[in-house]
Amino acid sequence: MSFLKMDNVTYSYENEKTIINQTTLEIKKGEFHSLLGRSGCGKTTLLKIASGLLQPNKGAVYLGNKKIIKPSAEIGFVFQAPTLLEWKTVIDNVLLPISLKRKPTKQDRERAATLLRMMRLPDYDHYYPSELSGGQQSRVAIARALIHHPSMLFLDEPFAALDAITREDLQDDLLALCQDQKMTVLFITHDIAEAVYLSDHVAVMESGEITFELTVSLPKPRKASDRYSFLFNEHCLKVRNAMNGGKG
């Protein structure tokens, strides 16, 4: 049974240029899916449709047995930039989705503190974003996306601006957090190695259509040495060839 299903989705801006063309994608509960493609292929638009931020012109999106027509507390979203409020502390940034609706409770603050510990920021509650590194800001953004206990997490290139080592550390932390929270994930990236390392399934998108899908058969949990294995590089090559139109 699919947990997230995008059923024959089509989307165009102002009913002119088609951005997403009759695309179907299914994700089972607890799976981690990554979506790759060249800039302008429609990845971010598809992610926004899947999360309810945009409505398709044709087709539909379902989360469980519910049709997605708008964003909900069941969905967490992490954007490419952390988009933290500079005048609020780290813990208040994590609590922001709750604060916009009501006053956070003691339990909410405990939840926020727990998420920060899981993101390896146990002593940063009262810091401000300007006092954090780029990697630390990304950790706060992920904690904020999880404050409502969402069942589905969408991430739009959240590590794109980070250095390689910080990026790899965050990949491992994200995998551990998703396993602990039993998250289902759709992750956008331009990085083939990142997609293969993180994912159960990788899809390649071109001109608004999914043109290739790969099941990643690496053992779990993933570890750093997997990045240098023959199987890992074989998967990366398959994805790279798919992004190159099937050419070696």
Problem set entry | Efficiency of FRET from Cβ geometry, L237 and N21, R₀ 35 Å, rounded to 0.05 | 0.80
Seminar exercise, completed: Applying the gyration tensor rule to the Cα atoms of the stretch 1-131 (axes a ≥ b ≥ c; rounded if a/c under 1.5, else prolate if a/b exceeds b/c, else oblate), the class is prolate
Exercise. Can you list the residues, at least 5 places off or on another chain, whose amide H is less than 5 Å from the amide H of L53, using H built in the peptide plane?
Worked result: none
Seminar exercise, completed: Going residue by residue through the stretch 135-150, the Karplus relation 6.51 cos²θ - 1.76 cosθ + 1.60 with θ = phi - 60° gives ³J(HN,Hα) values, rounded to whole Hz and with x marking Gly or Pro, of x, 5, 5, 5, 5, 5, 4, 5, 4, 4, 5, 9, 4, 8, 6, x
Seminar exercise, completed: Contact order relative to length for the stretch 39-209, counting C-alpha pairs under 8 Å separated by 6 or more residues, stands in percent at 29
Seminar exercise, completed: Between Y128 and N65, the two model label points (7 Å from Cα along the beta-carbon direction) sit apart by a distance in nm of 5.0
Seminar exercise, completed: Between the alpha carbon centres of the stretch 112-169 and the stretch 196-248 the gap in Å comes to 25
Problem set entry | Environment charge of L53, counting only residues whose C-beta is closer than 12 Å and scoring Lys/Arg +1, Asp/Glu -1 | +1
Exercise. So how strong a dipole does the stretch 39-209 carry about its Cα centre when Lys and Arg Cβ are +1 and Asp and Glu Cβ are -1, to the nearest 20 debye?
Worked result: 1080
Seminar exercise, completed: Note on the chain, DSSP bridge orientation, antiparallel percent to nearest 5 equals 55
For this session: At 0.36 nm per residue, minus the direct Cα-Cα distance, what do E14 and Q181 gain on full extension? Give it in nm, one decimal, please.
Result: 56.3 nm
Seminar exercise, completed: Interchain or sequence-distant (5+) residues whose placed amide H lies within less than 5 Å of the amide H of K58 are T10
Exercise. HN-Hα J couplings of the stretch 111-117 from phi, Karplus 6.51/-1.76/1.60, θ = phi - 60°, integer Hz, Gly and Pro as x?
Worked result: 4, 4, 5, 5, 5, 5, 5
Exercise. With a 10 Å Cβ neighbour count serving as the proxy for reagent exposure, in which order, fewest first, do R222, R38 appear?
Worked result: R38, R222
Problem set entry | Linear extension gain, S225 paired with L53, 0.36 nm per residue minus alpha-carbon span | 58.2 nm
Problem set entry | Long-range amide H partners of T211 with built H, under 5 Å | V204, M205, E206
For this session: Determine the calculated [θ] at 222 nm for the chain from helices alone, applying -39500 (n - 2.57) to every DSSP H run no shorter than 4 residues and normalising by the residue count; nearest 500 deg cm²/dmol.
Result: -9500 deg cm²/dmol
Exercise. Between rounded, prolate and oblate, where does the stretch 105-248 land on the alpha carbon gyration tensor, with a ≥ b ≥ c its root eigenvalues, rounded for a/c under 1.5, else prolate if a/b exceeds b/c?
Worked result: prolate
Exercise. Taking only the alpha carbons of the chain, what extent do you get along each of the three principal axes, in Å, biggest first?
Worked result: 52, 44, 33
Exercise. If each residue's Cβ is checked for other Cβ atoms within 10 Å, how do S225, S138 rank with the fewest at the top?
Worked result: S225, S138
Exercise. Once phi is turned into θ = phi - 60°, what whole-Hz ³J(HN,Hα) does the Karplus curve with 6.51, -1.76 and 1.60 give for every residue of the stretch 64-78, x standing for Gly and Pro?
Worked result: x, 9, 9, 7, 7, 10, 6, x, 9, 5, 6, 10, x, 9, 10
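A short reminder: the numbers here are calculations on the coordinates, not readings from a lab. Please read these numbers as outputs of a predicted model, since none were measured by experiment. Note: ideal-geometry Cβ built from the backbone for every residue, glycine included; neighbour counts use all protein chains shown.
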